[in-house]
Amino acid sequence: MSTTHERSPARAPRPSADMLADLAVRALCEEAWLSPKPGLVDGRGAGAHGDMDLALLLASAEALRPAFRSLADAARRTATGGGPRGELGLREELQPRRGLGPRDEYDPRRLLALREELGRIGRAGEAAMSRVTGGVNTHRGALWTLGLLVAATAVGTATDREAARVAARLASLPDRNVPAGAISHGERARRRYGASGARGQAVAAFPHVIDVALPRLRLAGAAGLRQDAARQDAARLDALLAVMSLLEDTCVLHRGGLDGLRVVRSGAGRVLAEGGAGTRRGRAALLELDERLTARRLSPGGSADLLAAALFLDIVPWPSPDACPNAEPHDAWRSTELNDAWRSTEPQDVCPRAGSPGSRKAPACES
């Protein structure tokens, strides 16, 4: 006999791969344009970076569109029984009878097949990004984070929290096909300081996205701040600062060690304590923090990646509560009108464009 806790494998409609790629690119573009971000590339300049600027970030985001589309396609094929290469199905494994708790039964072969296919696509996406950026690492961490969430959303998860749990299952699996190579700066910092890093965030189901950044974005939406660009930006900046105040950011650890991390965390906390980016005192503290981080070349890139992930989850058209009675309460604010608007969005026209209403001049995101 079924219970109210059981979830039907077909209960959550799956957004198209094109839509999910659009939303992922949009999230990256909106994170890039958001200003003023302390130590980060934004609409004002390069921040603490000497090797990238806004135009490069926007071009990098667009270069990742095919990878996001392929990640979603692979996950959708697997969820509907086709498998990454046509031989393995995953519908029951990604939608188990008892939900997504730690003791659910998954077919490890099928999960591993999808994980390795996602890894192959991710490496191809990183190579495409590198060709566009001339080898500059603009979005490697964001590709990992958003790639997992795009794939998890593509299989038909009904809420952001459920998508994060599926992403965590995938992230916890090894990729046997990872080529031997140089250790990244983030991995080196993770080993030296014992930080969880991007993989740890994913395996833990993105707690700084789900429980820190996303609630601030949702509160802003519930308060109607999305209709006011300045107030919406302030809410997004506060979400970023909240993550910065808590995260063991390996980008910061790589550049500034534990002392640099303390500067970032305490500075972000002070901005929030002064009232946040939307207040006079909070904005003054934010600009002061930006000066300090830029002078010390401290860039909280890991926090920026998690903000982009929160922006992505915030604009995914999750099923309405009526269509998905088991959806979690904090997702129920999404209106049918908003979902319909996103479902009707044309692919490949998701970045703000120069001259368009509310745009912030993003020509590099044009496809």
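The values are calculated or read from the model by the stated rules, or taken from the named source; none is laboratory data. Worth saying up front: this structure is predicted, and the values here are computed from it rather than measured. Because the Cβ atoms are built from the backbone with ideal geometry, glycine has one as well, and the counts that use them run over all protein chains shown. Ligands, DNA and RNA are excluded from the accessible area calculation, which covers all protein heavy atoms including side chains. Shrake-Rupley method; radii C 1.70, N 1.55, O 1.52, S 1.80 Å.
Just to be sure before I move on: is Leu272 under 28 Å from Ala164 (Cα atoms), open to solvent by less than 10 Å² (accessible area, probe 1.4 Å) and not aromatic (Phe, Trp, Tyr) in the structure I sent? Let's see the steps before the verdict.
Working: under 28 Å from Ala164 (Cα atoms): yes; open to solvent by less than 10 Å² (accessible area, probe 1.4 Å): no; not aromatic (Phe, Trp, Tyr): yes.
Criteria not met by Leu272.
For the list (1) open to solvent by 10 Å² or more (accessible area, probe 1.4 Å); (2) touching a Gly at 6+ places or on another chain (Cβ under 8 Å), I need the number of the one condition that Leu34 fails.
With (1) open to solvent by 10 Å² or more (accessible area, probe 1.4 Å); (2) touching a Gly at 6+ places or on another chain (Cβ under 8 Å) applied to Leu34, the lone miss is (1).
Output the residues belonging to region 198-232 that are modelled with pLDDT of 95 or more and outside any helix (DSSP H, G or I).
Scanning region 198-232 gives Ala204, Ala205, Phe206.
Here are Leu20, Leu88: which of them is modelled with pLDDT under 85 and open to solvent by less than 40 Å² (accessible area, probe 1.4 Å)?
Details: Leu20 fails: modelled with pLDDT under 85.
Step by step, each of Leu20, Leu88 is checked, and only Leu88 is modelled with pLDDT under 85 and open to solvent by less than 40 Å² (accessible area, probe 1.4 Å).
Taking the condition basic (Lys, Arg), open to solvent by less than 70 Å² (accessible area, probe 1.4 Å) and either within 24 Å of Leu118 (Cβ to Cβ) or assigned to a helix (DSSP H, G or I) (or both), does Arg190 pass? Before the answer, list the steps.
Details: basic (Lys, Arg): yes; open to solvent by less than 70 Å² (accessible area, probe 1.4 Å): no; either within 24 Å of Leu118 (Cβ to Cβ) or assigned to a helix (DSSP H, G or I) (or both): yes.
Here the answer is no, as Arg190 does not meet what is asked.
Which helices (runs of 4 or more DSSP H) sit wholly inside region 105-174 and have at least 3 residues that are touching a residue at least 12 places away in the same chain (Cβ under 8 Å) and open to solvent by 40 Å² or more (accessible area, probe 1.4 Å)? Spell out the reasoning first.
Numbers: elements: 108-133, 140-154, 160-171.
By residue number, 108-133, 160-171.
For region 310-324, name all the residues that are open to solvent by less than 30 Å² (accessible area, probe 1.4 Å) and either out of contact with any helix residue (DSSP H, G or I) (no Cβ under 9 Å at 6 or more places or on another chain) or touching a residue at least 24 places away in the same chain (Cβ under 8 Å) (or both).
Ala310, Leu311, Phe312, Leu313, Asp314, Ile315, Val316, Pro317, Trp318, Pro319, Cys324
Check Leu293, Leu307, Leu246 and return the single one that is under 25 Å from Ala202 (Cβ atoms), of a type in the set (A, V, I, L, M), at pLDDT 95 or above and surrounded by 24 or more Cβ atoms within 10 Å (Cβ to Cβ). Quick ask: steps written out before the conclusion?
Details: Leu293 fails: under 25 Å from Ala202 (Cβ atoms); Leu246 fails: surrounded by 24 or more Cβ atoms within 10 Å (Cβ to Cβ).
When all the criteria are applied, what remains is Leu307.
Out of the residues in region 310-344 that are of a type in the set (Val, Ile, Thr) and not in a loop (DSSP other than H, G, I, E, B), which is modelled with the highest pLDDT? Please lay out each step first, then the result.
Residues of region 310-344 that are of a type in the set (Val, Ile, Thr), as a first pass: 315-316, 336.
After this cut, where a residue has to be not in a loop (DSSP other than H, G, I, E, B) as well, the list is 315, 336.
Numbers: Ile315: 95, Thr336: 34.
The extreme case among them is Ile315.
Would you confirm, using the coordinates I've provided, whether Ala158 is modelled with pLDDT under 95 and in contact with a Cys (Cβ under 8 Å, 6 or more places away or on another chain)? First the steps, then the outcome.
Working: modelled with pLDDT under 95: yes; in contact with a Cys (Cβ under 8 Å, 6 or more places away or on another chain): yes.
In short, yes.
Give region 275-288 a look and list any residue that's in contact (Cβ under 8 Å) with a residue 24 or more places away in the chain and open to solvent by 50 Å² or more (accessible area, probe 1.4 Å), or say none. Full working, then the answer.
We begin by selecting, within region 275-288, every residue in contact (Cβ under 8 Å) with a residue 24 or more places away in the chain; these are 276-278, 286-287.
Passing the criteria: Gly278, Leu287.
Hey, could you check region 206-233 for residues that are crowded, with 21+ Cβ neighbours inside 10 Å and small (Gly, Ala, Ser) and say which is nearest to Ser172 (Cα to Cα)?
The selected residue is Ala213.
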